[in-house]
Amino acid sequence: MDNILPPPKRIPRKGRRIYENKESAQPLIDVQMAIRNTDEGSTQHQGNGFKEGFEVVVFERDASIDARLRDWFILLHWSMAILKELLPEHVFKSLPKSYCNPHLEFNEWDESMPFYSSLTGEILFRSPIPGSRRASRLRLRKVLADGVDIKWGKFLEQMILGKLSIKLVFKDCGETFDADYVLGTDGTSSKVRELLMGVEDAKPVPSGFSTASCVCKYRDANKVNAVRKAHSVCAFMIGSNNMAGCGISSVDDPRDVSTWETFWIKVWRGRSVSLQGQEAIEYATKDLAGICEPFRSALEWTPRDSACYVGEMNYWLPSPWETHDGRVTLAGDAAHPMLPFRGQGLQHAIIDVQKYAVALRRLRGTDSTINRKEIMLAYGADVVERGYKAVAQSLKEAENSLDINTVGQTLMFTQGHGRSV
């Protein structure tokens, strides 16, 4: 969209204008939001982040909600209760629309994750994850976009600090937007982080671990059932130089298993390479050494031209960033991009949003630069400390997962998928 955003009307003194910007690059918390505080006595649903009377506008790099073709499947678990607090009731009740298989009983088996031994093909250990739900990232985005004022096709170029606000400058059209507060949640290669820290200090670091992910439609009930037998949601194979996972990604007709979509994942130590489509399928399936059944077959059965992507995983160890007098900060993958082991990134992103909302409430009605800087520095210090530990844990988890001799040292084995930071 090329709409020019009008400058917001000045809010009376008892309310304060608050904006959150985000240039999208990664799953979920990569929406760019602008938030205006309404009268303190009123509470309005302004989207997916806050129920505190803040008027929210989202700046999004994508051209539309359907612009991205790639999907992957993320786990909501220990942050679910906090997510419920943050979301309007009707949005939270719509979450099942995003689940990979909302028709499950969600018993103790469904709410767990088994890890199979690469040597024996038997379950090595199983991680209980009570209350967990695996969701399609694309479908989850649509659920969370309900009621949010999103401005599409916005590429952030500059942020200019003024006396009373911070000006966002967007590429191409030269559009500007004056904001009181900016929250960068624009993913691993965050432009906001780059503007705050400089190109080199903000640059994501290649991890040395590559991943392939693929969504398949086998159109064969026997093949789907082979995947389903490993686990009703998602299972992993661990302990060889190739780690693999498979699961159910979409169930349109619970009575016709042949129509179900499945997915597989493969992780290995590897150089940087970026591929998609049939080229990615051939690259990912050429080396299946150490991959046991049914994971091997899940990869081998991949229909031609399935949606498949190969790339190296990147990370960034958080360090304090410039806040421009407390007007700008970071959250989610913009603040602590980590490897996806144990599914901690999304959970911490939700914690970030919770703590940011608390900071905004504390800033209501204050024009004090000192208060603003102190509150946002405290918010950032928590994100950096918590995020640094979580990123470091994800790197160690990757190392230990690819060697049968160190699998017993993984947090998945010793602590499960619960919160560890």
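From S274, S240, which residue is closer than 22 Å to F341 by Cα, over 24 Å from the mean Cα position of the chain (by Cα) and not assigned by TED's automatic domain parsing to the domain that holds R342?
S240
Determine whether region 57-79 contains at least one residue that is part of a strand (DSSP E or B) and more than 18 Å from the chain's Cα centre (by Cα).
So far as region 57-79 goes, yes, one or more of its residues are part of a strand (DSSP E or B) and more than 18 Å from the chain's Cα centre (by Cα).
Condition test on G311, is it in the same structural domain as Q276 (by TED's automatic domain parsing) and either crowded, with 17+ Cβ neighbours inside 10 Å or under 24 Å from M197 (Cβ atoms) (or both)? Working first, answer last.
Details: in the same structural domain as Q276 (by TED's automatic domain parsing): yes; either crowded, with 17+ Cβ neighbours inside 10 Å or under 24 Å from M197 (Cβ atoms) (or both): yes.
For G311, the condition - in the same structural domain as Q276 (by TED's automatic domain parsing) and either crowded, with 17+ Cβ neighbours inside 10 Å or under 24 Å from M197 (Cβ atoms) (or both) - is met.
May I ask you to verify whether S136 is touching a Gly at 6+ places or on another chain (Cβ under 9 Å), small (G, A, S) and either crowded, with 20+ Cβ neighbours inside 10 Å or at pLDDT 95 or above (or both)?
no
Considering region 142-169 alone, what residues qualify as being touching a Leu at 6+ places or on another chain (Cβ under 7 Å) and over 20 Å from E322 (Cα atoms)?
Within region 142-169, V143, K151 meet the criteria.
Can you find even one residue in region 312-320 that is under 25 Å from S118 (Cα atoms), of a type outside the set (D, E, K, R) and out of contact with any Gly (no Cβ under 7 Å at 6 or more places or on another chain)?
Yes, the conditions are met somewhere in region 312-320.
Please count how many residues of region 100-115 are more than 12 Å from C234 (Cβ to Cβ) and either surrounded by 20 or more Cβ atoms within 10 Å (Cβ to Cβ) or of a type in the set (K, R) (or both).
So the count comes out to 0.
Within region 301-330, work out how many residues are over 23 Å from S272 (Cα atoms) and without any contact (Cβ under 8 Å) to a residue 40 or more places away in the chain.
1
Quick test for you: out of L69, L95, L124, pick the one residue that is over 15 Å from R342 (Cβ atoms), at pLDDT below 95 and either surrounded by fewer than 17 Cβ atoms within 10 Å (Cβ to Cβ) or not assigned by TED's automatic domain parsing to the domain that holds A357 (or both).
L69
So which strands (runs of 3 or more DSSP E) stay within region 156-244 end to end and still have 3 or more residues that are buried (at least 20 other Cβ atoms within 10 Å of the Cβ)?
Passing ranges, in order: 166-170, 182-184, 205-216, 234-238.
What is the residue count in region 252-283 for residues that are of a type in the set (V, I, T), more than 9 Å from V310 (Cα to Cα) and either touching a strand residue (DSSP E or B) at 6+ places or on another chain (Cβ under 7 Å) or buried (at least 19 other Cβ atoms within 10 Å of the Cβ) (or both)?
3
For region 359-370, enumerate the residues that are surrounded by fewer than 23 Cβ atoms within 10 Å (Cβ to Cβ) and in contact (Cβ under 8 Å) with a residue 12 or more places away in the chain. Give the derivation first.
We begin by selecting, within region 359-370, every residue surrounded by fewer than 23 Cβ atoms within 10 Å (Cβ to Cβ); these are 359, 361-370.
Residues satisfying the conditions are A359, R361, R362, L363, R364, G365, T366, T369.
Would you check which residues across region 261-275 are of a type outside the set (G, A, S) and in contact (Cβ under 8 Å) with a residue 40 or more places away in the chain and list them?
Within region 261-275, E261, T262, F263, W264, I265, K266, V267, W268, R269, R271, V273 meet the criteria.
Residue check, P337 against (1) surrounded by fewer than 23 Cβ atoms within 10 Å (Cβ to Cβ); (2) part of a loop (DSSP other than H, G, I, E, B), all met but one. Which one?
Here P337 meets the rest and fails (1).
Could you tell me whether any residue of region 116-125 is touching a residue at least 40 places away in the same chain (Cβ under 8 Å), more than 18 Å from G245 (Cβ to Cβ), aromatic (F, W, Y) and assigned to a strand (DSSP E or B)?
No: region 116-125 contains no residue that is touching a residue at least 40 places away in the same chain (Cβ under 8 Å), more than 18 Å from G245 (Cβ to Cβ), aromatic (F, W, Y) and assigned to a strand (DSSP E or B).
The values are calculated or read from the model by the stated rules, or taken from the named source; none is laboratory data. Quick caveat, the model's predicted, so the values are computed rather than measured. In this analysis, Cβ positions are derived from the backbone assuming ideal geometry, glycine residues included, and neighbour counts consider all displayed protein chains.
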